[in-house]
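Contents: one structure, followed by commentary.
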Amino acid sequence: MRPAVEQAVWGDAAAARPPGPAEEGKASGLDDVAATVRRCATEILGAERFDASSAWQDQGVSSLNTMRLVAELRRALGVSVAFSDIYASASLDDLVRRIKDRQQGERTDAPSRPSAAEADLRLVRSILPTPAQGVRHDGDAILVTGGTGFLGAHLVAELLSRSDGKIICLVRADPEVSAEQRLRLALMRSRHMDAAAEVGGRLTAVTGDLEAERLGLAPEEFPALAERVRLVIHNAATVNFAAPYEALRKANVLGTLEMIRLAVAAKAPLHFVSTLAVFDAQSWLGGGIALEQDLPERVVDVIHGYAQTKYVNERHLNTARARGLVCSIYRPGNICGDSRTGAWVAGDAITRLLRGSIEIGMLPDRPQTIDLTPVDYVASAIATLAITAPEANRNFHVVNPHPVSIEVMASWCRAYGFPAATAPVADWLVALEGLCHAEPDHPAAPMLHLCREPLAGGALTMLDLIEARPTPDRGQAEHYLRRSGVVCPTLDGAMFGRCLDALIAAGFLPDGQAPALLGSVA
């Protein structure tokens, strides 16, 4: 039988998803809609694996095929189907009822009730120690999650260069590639060859699963891992700005609770990578300054599911701090390529939009500026603070203090050989939509919906949010980093050119015509 503590955390998972929006009695008139939705979903998701009654997230739904499904449903049914409708519906059957309700002019949202996010705020209490616990200093390893991701690979490399101890990476299982091989490949993609050579030596990988109780480890493996760990850095998360809270809950919320459980068992400081998106909240939009100790008061004010999961994480960690767990929270903004090598992940939100904008020859004229922080600085800042101030117990904004003008970015693209100008958002969206209509699988396609339509649970698009976010204060981060000499490099035309070089070398961008000009662009 599952222990009561674990039942308190994992037993709520099935109940977290809100019920379907319409009652069973509305079956009349659904047949035509159901047939169309089934046909479109079968074509896009694959007939061999499609099940109308199963949850979307269990059937390989991604941002890309969701965009294709939305476009096809709009064309076939002549009704407004939103990107968020797919994720908000528990299954195809639920989506059919939602579309039919919309055709009849009825509300499609769930009845008012406490959200899953609000209910989850209480979960952390069941795994925290009653008396305040001290920090144990006899562990021999740093545990890192998310080491096979873009930021994670750079973070692992920085930890190796700044410490002498062992580093263990928790890596998701893959039937075709071992955990250590996945870690090695991630480091090589990020151009950290020295770090890749450490795999199997000072750097090891443990197969685990953030979506499973006790990280999917065997009963004896979890305490054995805790016994070895002196510092925990939790960087892994599922990032999807279109998905609702419920779709991200297992990996982002329950997974973080398991990392808190491990840190408690290890009596080790926990360093958690959050996001500035926690300020994507109604009460924080429109400017102002967000201090590092600030956090919106209510989860219901936070606009989209991904930010809600990080908000719940931070609330859990604040509760844990009050109960004796030492933890620091890092909030990066938009992360761009490595300032030295240009290595940039091909396929994140920024690079997808960059590729689409380059191909249509225009960038949107708003937001007027955007924060782009080199990944090597973010990784260096987190690694430095985790090693030199492991018990700081504070929040840190890890962000470039100098946002980049979109007009300047367009000039960098032109200097590289890409004919790019700024244009009104409406014109940019029309051109981007034309590109994605001609190429349904284009990398920019998922971003089109996020820039054109309100995110789930709000009235703002991604572009609106970027423009309305408060300015992050960096006082605490600067204070602690100043002693270590870690400063954010200036993002200029030469650095941006190195990033374009790397994206072209990866086959993600078409080749430019005049890279030599970039050195003279400020």
Quiz item: When only DSSP loop residues count, what GluC sites (Glu not before Pro) in the stretch 227-286 have their Cβ near at most 14 other Cβ atoms within 10 Å?
Solution: none
Practice problem: Counting other Cβ atoms within 10 Å, keep those with at most 14, restrict to DSSP loop, and tell me which GluC sites (Glu not before Pro) in the stretch 297-383 are left. | Solution: GLU297
Quiz item: Which number comes out as Rg/Rh for the stretch 151-287 once both Rg and the Kirkwood Rh are worked out on C-alpha atoms?
Solution: 0.99
Quiz prompt | Where GluC sites (Glu not before Pro) fall in DSSP loop in the stretch 145-200, at most 13 other Cβ within 10 Å | solution = GLU176
Quiz prompt | Spacing of the two label points (7 Å from each Cα toward its C-beta) at VAL135 and ASP441, in nm | solution = 5.0 nm
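Taken together, the values in this text are just the output of simple stated rules run on the coordinates, not laboratory data. None of the values given here were measured: they were computed from a predicted structure. Every residue, glycine as well, gets a Cβ built from its backbone with ideal geometry; the counts of neighbours run over all protein chains shown.
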